[in-house]
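S.K.: Just passing along the structure, written as structure tokens.
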Amino acid sequence: MMTPAGKDTIIAGEGAAFAAPPPLFRAARAGSAIGLSTIAALLVGFLLQLTIAYRFGAGSNTDAFFMAQGTSELLAKILLGGSLTSVFLPVFVDHLAHGRPEKAWNLANHLFHLAAILFLITLSTLMLFTDQLVSVIAPGFPAATHDTTVRLLRIMLPAFFFAMLTDLAIAILHSFRVFGIPSISRLIVPLLSLLLVLTAAERYGIVVLAVGTLLGATVQIMLIFRALFRSGFRYTPALSFRDADVRRVLSLVAPFALSVLAAQGAGVVYRILVSHFPEGSLSVLKFGEKIFQMTNTLFLSSITTVVFPALSRAVAERAWEETRKTMRQAVRLMVFFGVPLTVGMMFLREPLVRLLYERGSFTAEDTAVTAAVLGLLLLGLVANGIGSLLGHLALALKATRISVFATIGTQLASILLFFLLASRLGIRGFALASAISPFILVALYMVLLRKQVARVWNILADPTLLKFIVSGVALSVGVAVGTRLTGGGGDHSLPDIVILTVSAGLGSLAYIGSAWALGIPEIRIVREIVYYALRRFRQ
């Protein structure tokens with residue numbers, strides 16, 4: 001029961017396993033309906049990455065592009081991008097849940113204007129001082145790489161202004177359980193960039209990637225706002241800081257924005273340090289990170305995406321039992337998918353990287369380093385997903401101070417790890433530090449949420465989770481057998497595609513079979529999702 005202080009216990013612990021809650025089933029089925037478009041967007045984005053590796057390799061121009069792209073994303077996040085969207089959604093959903101759509105849309109109009117004004121002022125300033133910004137963010141770059149980064153960054157900065165507004169609009173669409181259009185829209189930027197690389201890179205060089213990003217972001221925001229208007233949005237030119245909802249959101253954003261700002265501290269240190277490493281180091285890191293991010297987005301972030309609106313709605317309606325079940329089931333789903341991905345890709349990382357990247361300008365040496373980076377990053381895959389779920393729980397509870405403390409603590413630890421590990425392990429140290437950081441984040445959330453959530457450790461102390469470990473061991477045996485049968489990448493091994501297919505197939509059968517034998521309930525959920533997705537596909 002809620003208390004006036006707002007520090008009451010809202011989630012009771014539970015010991016026994018439970019059936020999947022209806023809200024999460026509905027969310028999961030909604031997520032399955034967009035599965036094909038999500039996979040398509042990720043595949044196009046990954047195909048773009050492969051084309052970049054083939055066309056430009058891991059060299060100075062590629063370093064410049066990744067530095068410009070990463071800096072643009074960093075600036076967009078600092079300027080209220082992630083914080084405004086994350087804090088806005090629970091307030092917006094609260095109005096919808098209590099039959100106040102006019103207030104919800106009014107708040108959306110105010111925040112669109114606030115975000116636009118803030119970013120346009122900052123964008124104009126950054127355009128004037130791009131050269132100085134690159135000198136700060138990448139002090140170790142040679143002069144030619146520095147100049148290329150400045151040129152690319154000036155083209156790409158407006159694209160991430162559009163991306164910030166797009167994220168805000170997508171959050172609104174998700175609150176109406178509209179997932180298809182946002183998912184499809186993610187095809188646009190990588191698809192246009194890919195077309196430009198294939199048709200114009202020979203003549204114009206790496207600048208076509210920046211142009212493709214800008215054009216794609218422009219088309220994407222037009223598509224998203226069209227869907228937003230069809231969902232009931234009506235534009236009104238209004239911005240008032242006296243509005244109660246605006247003041248409420250800004251009061252929540254203020255502490256959370258600090259956490260977002262702090263979260264970029266490790267990213268800034270990362271870029272400064274890596275700019276002093278040999279040419280191509282940043283590119284190799286990014287190629288490894290791309291495989292990791294694709295895996296994380298396709299299988300783990302999608303769970304968070306469909307859970308957050310359901311979680312926000314349950315909290316808004318004070319349905320604490322529903323909230324509790326949603327969180328625990330989401331964690332179990334995260335582990336269910338995360339274990340086979342981590343184990344399987346750890347075993348098969350070298351043939352995977354070789355198959356995907358090693359052609360054109362991408363060398364065997366690049367493959368070896370990228371595979372090593374990927375293997376270290378995978379260590380934090382499951383923890384990264386669970387940390388994201390806990391962070392969204394804090395946001396749904398409007399406990400933004402918890403997000404601030406957890407994020408700041410994690411980033412400070414990450415910065416320390418970057419300095420300690422990169423000096424000893426080179427670029428592998430960056431990957432290892434990135435893998436350790438999610439575990440620190442989960443631990444901090446567990447400590448900080450204990451007053452809001454009764455026996456918060458029970459979220460992770462589900463006996464079923466031990467069964468996933470057993471299934472993971474069975475998966476390891478299946479993959480090892482498959483690798484042995486196909487030659488294991490030695491001199492007399494079969495082609496990489498055969499190694500991956502046979503090993504992954506045997507590993508998957510071992511994992512699913514052991515999960516079925518152990519009675520893991522997530523098997524039933526996956527079966528329902530697959531059935532629903534296939535039925536929608538046939539229709």
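The values are calculated or read from the model by the stated rules, or taken from the named source; none is laboratory data. Quick caveat: nothing in here was measured; it's all calculated off a predicted structure. Methodologically, a virtual Cβ is constructed for each residue, glycine included, from the backbone with ideal geometry; neighbour enumeration extends over all protein chains shown.
S.K.: Output the residues belonging to segment 441-450 that are surrounded by fewer than 20 Cβ atoms within 10 Å (Cβ to Cβ) and part of a helix (DSSP H, G or I).
M.R.: Ala443, Met446, Val447
S.K.: Please work out which one of (1) touching a residue at least 60 places away in the same chain (Cβ under 8 Å); (2) buried (at least 16 other Cβ atoms within 10 Å of the Cβ); (3) more than 20 Å from Phe308 (Cα to Cα); (4) in contact with a Leu (Cβ under 8 Å, 6 or more places away or on another chain) is the condition Ser175 fails and give its number.
M.R.: Here Ser175 clears every test but (3).
S.K.: Right, next: Tally up the residues in segment 319-369 that are farther than 14 Å from Leu389 by Cα, more than 23 Å from the chain's Cα centre (by Cα) and of a type in the set (Lys, Arg), please.
M.R.: Qualifying residue count for the region: 2.
S.K.: Tell me, yes or no, whether segment 209-216 has at least one residue that is touching a residue at least 24 places away in the same chain (Cβ under 8 Å), aliphatic (A, V, I, L, M) and not in a helix (DSSP H, G or I).
M.R.: In the first step, residues of segment 209-216 are kept if they are touching a residue at least 24 places away in the same chain (Cβ under 8 Å); the result is 209-211, 213-214, 216.
Filter once more, keeping what is aliphatic (A, V, I, L, M): 209-211, 214.
This time we only want the ones that are not in a helix (DSSP H, G or I), so: none.
Among the residues of segment 209-216, not one is touching a residue at least 24 places away in the same chain (Cβ under 8 Å), aliphatic (A, V, I, L, M) and not in a helix (DSSP H, G or I), which makes the answer no.
S.K.: I'd like the residue in segment 130-142 that is within 17 Å of Thr62 (Cβ to Cβ) and among the small types (Gly, Ala, Ser) and, out of all such residues, is nearest to the chain's Cα centre (by Cα).
M.R.: Ala138
Okay, residues lined up against (1) closer than 30 Å to Thr367 by Cα; (2) modelled with pLDDT of 65 or more; (3) touching a Gly at 6+ places or on another chain (Cβ under 9 Å):
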residue	(1), (2), (3)
Met1	no, no, no
Asp8	no, no, no
Glu14	no, no, no
Leu24	no, no, no
Ala27	no, no, no
Gly59	yes, yes, yes
Phe66	yes, yes, no
Gly70	yes, yes, yes
Val93	no, yes, no
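S.K.: Continuing with this model, one more query. Find the residue count for segment 258-296, including only residues that are modelled with pLDDT under 75 and under 12 Å from the mean Cα position of the chain (by Cα).
M.R.: Residues that pass the stated criteria total 0.
S.K.: Yes or no: Leu223 surrounded by fewer than 20 Cβ atoms within 10 Å (Cβ to Cβ), of a type in the set (A, V, I, L, M), over 25 Å from the mean Cα position of the chain (by Cα) and more than 21 Å from Thr148 (Cα to Cα)?
M.R.: Against the criterion (surrounded by fewer than 20 Cβ atoms within 10 Å (Cβ to Cβ), of a type in the set (A, V, I, L, M), over 25 Å from the mean Cα position of the chain (by Cα) and more than 21 Å from Thr148 (Cα to Cα)), Leu223 does not qualify.
S.K.: Could we say that Ala394 is modelled with pLDDT under 90 and either not acidic (Asp, Glu) or not in a loop (DSSP other than H, G, I, E, B) (or both) here?
M.R.: yes
S.K.: Taking the stated definitions as given, is Ala53 within 28 Å of Ser275 (Cα to Cα), at pLDDT 75 or above and out of contact with any strand residue (DSSP E or B) (no Cβ under 8 Å at 6 or more places or on another chain)?
M.R.: In short, yes.
S.K.: Then there is this: I'm checking my understanding of the structure. Among residues of segment 451-488 that are aliphatic (A, V, I, L, M) and outside any helix (DSSP H, G or I), which one is surrounded by the most Cβ atoms within 10 Å (Cβ to Cβ)?
M.R.: My answer is Val453.
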